[in-house]
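> Attaching a single structure in structure tokens format; questions to follow.
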Amino acid sequence: MMRFSRRHLLQAGLYGAASLPLMRVLGSAAQAHAQDATLKNFICIYHPHGVAGEFWAMKSGESETSYDLKYENCSLAPFDDAATYGKSFKDRILIIEGIDHLSNANGHDSAGTILTGSRIDGRKPQNASLDQVLAVEKGLGSSTPVTSISLGVGNDASDSGVTLSYGPGGAPLPKIIDPVQAFDLLFGNLVVSNEPGAMAAAEHKRKVGQSILDFIRGEVGVLKPRLGSVEQQKLDQHLTSLRELEKQLQGGASSGVSCMGAPVKPDASKFPKLKQYNGGEPYFDAITDAQIDVLANAVACGVTRFATLFMNDLSYMGNPLGLPPDNHANVAHTYNASPVGNNGRPGDGDPSTWLPLAKFNRYSYSKVARLMQKLDQLGALDNTLIYVTSDMGNPSLHSTQNVPTLLCGGAGGKFRMGRRIRLGQDCNDGTPWCAPGDMKFQGLSNNHLLVSIAQAFGVPLDTFGTQVEMQHTKGAMTGLG
């Protein structure tokens with residue numbers, strides 16, 4: 001009974017401490033708009049169902065710097081849509097064709113490789129994700145109130161196919177799918193008034209929160225010697241959470257938080273249900289917008305520098321795109337590609353199947369453009385890198401070849417944006433449509449891109465991830481700078 005009650009006490013204490021409001025000072029608009037050439041922020045965004053290559057890939061006659069995003073049905077059109085987003089962001093994107101996740105898993109489980117560059121072992125990757133290596137292991141998130149945050153839409157599970165962020169050893173980290181909860185975590189600590197009573201109340205709650213954490217830490221010390229190794233590892237994870245909460249408690253006004261006005265809490269009435277398969281689907285569009293708005297404000301205010309967003313599809317009757325109510329079965333799986341979307345395989349494909357997938361891709365990129373618009377308005381786009389991708393290229397094949405890859409934002413000047421890069425042909429063993437003698441992987445693994453991103457943040461890594469042939473994990477991707 002003592003073990004049972006103390007475990008519940010730990011849980012209750014963690015939730016209680018996380019909800020305590022603390023003091024933060026909102027800075028001026030001038031501070032919020034102050035930009036420099038330093039790469040500060042990293043956001044990774046996942047969109048489901050791969051890509052329709054016919055409306056995504058480089059067209060004949062186009063070049064690295066001369067290409068069109070406004071042709072009919074182009075899925076990348078939102079990045080060059082000044083009428084909708086206030087300006088064109090074509091000069092703030094870098095489109096990369098030919099990246100391969102080199103995943104050994106079913107295509108839908110390969111989201112776990114996106115930031116880990118790892119094979120999937122027992123439905124989880126073998127190493128931590130890049131966002132966690134940078135934010136936690138390398139300490140780049142230590143100066144912000146929230147070290148990193150993982151957001152999602154509709155699905156809060158932690159299998160390798162439905163999340164992006166992983167701790168040491170590939171331990172999946174939880175996602176927040178409620179924008180209100182995300183706002184409370186990120187901004188519940190803000191006190192916008194300098195009125196002495198409000199500040200005194202906040203300080204009192206800070207002290208209460210610290211007392212709770214001190215008590216829980218003592219309870220962990222009592223429990224730990226009595227538990228097995230697995231349970232002790234779980235308590236160690238609780239201790240990590242305690243340290244994160246303590247950082248928020250002790251951050252104070254010197255933590256660098258500076259907002260242009262007070263961020264607005266999402267309106268929960270716009271999404272009365274949240275979860276997939278539980279009535280949440282009709283609200284996914286509103287949830288996605290709310291998560292993006294919360295995330296943009298958090299990054300712009302300096303509340304966090306590292307974030308992931310796992311988007312969802314629109315599988316419900318009457319969705320705003322007019323797609324079939326089952327996007328997975330009737331859009332992704334019915335995609336019948338031409339050689340452009342089929343890794344060079346011969347055949348004309350079925351053009352009627354390209355448009356539904358391209359329409360969904362365009363919808364996904366419209367959300368990225370919305371994030372870029374918000375960050376730009378808040379003065380944070382120049383020093384932010386947004387990495388956008390999916391778990392596969394051709395979704396009907398569940399192929400991890402030619403995965404759609406975009407780098408967006410200013411990236412602190414570390415990468416040359418406004419370009420398209422086309423890599424070499426992707427030829428894996430057993431692929432019957434590559435030229436004779438090319439039956440070996442010729443493309444570029446995602447690992448090299450992860451190394452490049454780490455180096456752009458000033459972390460001198462030369463290898464990242466876990467692959468069968470370790471040369472696929474070594475070295476940065478050339479041609480980005």
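The values are calculated or read from the model by the stated rules, or taken from the named source; none is laboratory data. This is a predicted model, so every value here is computed, not measured. As a convention, Cβ positions derive from the backbone with ideal geometry for all residues, glycine included, and neighbour counts pool all protein chains shown. Keep in mind that these areas ignore ligands, DNA and RNA; they rest on the heavy atoms of the full protein, side chains included. Shrake-Rupley method; radii C 1.70, N 1.55, O 1.52, S 1.80 Å.
> Which order, highest average first, do 370-377, 72-79, 383-390 follow once you tally other Cβ atoms within 10 Å for each residue and take the mean per peptide? If you can, show how the numbers build up before the last one.
Details: 370-377: 21.5, 72-79: 19.8, 383-390: 24.2.
My ranking of the peptides, most packed first, is 383-390, 370-377, 72-79.
> In addition: Using the heavy atoms of the protein chains alone and a 1.4 angstrom probe, what is the accessible area of segment 89-177 per residue in square angstrom? Display every interim value, and only then the final one.
Numbers: 2580 Å² over 89 residues.
Heavy-atom accessible area per residue stands at 29 Å².
> Also, I was wondering about something else. What are the residues whose amide H is under 5 Å from the amide H of I149, where those residues sit 5 or more places off or on another chain and H is modelled from the backbone?
F306, A307, T308
> Return, for the Cα atoms of segment 271-322, the radius of gyration and Dmax in Å, separated by a comma.
Final numbers for Rg and Dmax: 13.1, 39 Å.
> How much length, in nm to one decimal, is gained on full extension between M470 and D91, taken as 0.36 nm per residue of separation minus their Cα-Cα distance? Could the numbers behind the result be given before it?
Values: separation 379, 0.36 × 379 = 136.44 nm, distance 3.45 nm.
That pair, M470 and D91, stretches by 133.0 nm at full extension.
> For K70 and A83, calculate 0.36 nm times their separation in residues minus their Cα-Cα distance, and state this gained length in nm to one decimal. Let's see the in-between values first.
Details: separation 13, 0.36 × 13 = 4.68 nm, distance 1.23 nm.
Result for the pair: 3.4 nm of gain on full extension.
> Tabulate in residue order the Karplus-calculated ³J(HN,Hα) for segment 136-150, using 6.51 cos²θ - 1.76 cosθ + 1.60 with θ = phi - 60°, rounded to whole Hz; enter x for Gly and Pro.
These are the phi-based 3J(HN,Hα) values: 9, 4, 8, x, 6, x, 6, 8, 9, x, 10, 4, 7, 9, 10 Hz.
> What is the spin-label model distance, in nm, from A171 to S352 if the labels are put 7 Å beyond Cα along the C-beta direction?
5.2
> Accessible area per residue for segment 255-399 in Å², computed with a 1.4 Å probe and the full protein assembly in place, what is it?
35
> Which entries in K175/K265; K70/K367; K40/K70; K138/K175; K175/K273 show an alpha-carbon gap greater than 26 Å?
Values: K175/K265 19 Å; K70/K367 17 Å; K40/K70 31 Å; K138/K175 22 Å; K175/K273 16 Å.
Too far apart for the 26 Å limit: K40/K70.
> Per residue of segment 311-328, in order, report the coupling 6.51 cos²θ - 1.76 cosθ + 1.60 (Karplus, θ = phi - 60°) as ³J(HN,Hα) in whole Hz, putting x for Gly and Pro.
7, 10, 9, 10, 7, 7, 5, x, 5, x, 8, x, 7, x, x, 10, 4, 5
> Would you pull out the residues with amide H under 5 Å of I99's amide H, same chain only if 5 or more places away, H placed 1.01 Å from N?
Here the answer is N402, V403, since their amide H atoms fall under 5 Å of that of I99.
> Now for a different question. Using a 10 Å cut-off on Cβ atoms, rank the peptides 463-471, 109-117, 344-352, 172-180 from the highest mean neighbour count down.
109-117, 172-180, 463-471, 344-352
> Where the accessible area of segment 61-121 is counted over protein heavy atoms with a 1.4 Å probe, how much of it, in %, is carbon and sulfur? Please list the in-between numbers first.
Working: 840 of 2170 Å².
Roughly 39 percent of what the probe reaches on segment 61-121 is carbon or sulfur.
> Scan around I120 for amide H atoms under 5 Å from its own, H built in the peptide plane at 1.01 Å from N, and keep only partners 5 or more places away or cross-chain.
Residues meeting the criterion, in which the H sits 1.01 Å from N, are N104, A105.
> Measuring from centroid to centroid over Cα atoms, what is the spacing of segment 323-342 and segment 103-165 in Å?
If we compute the Cα centre of each part, the gap is 26 Å.
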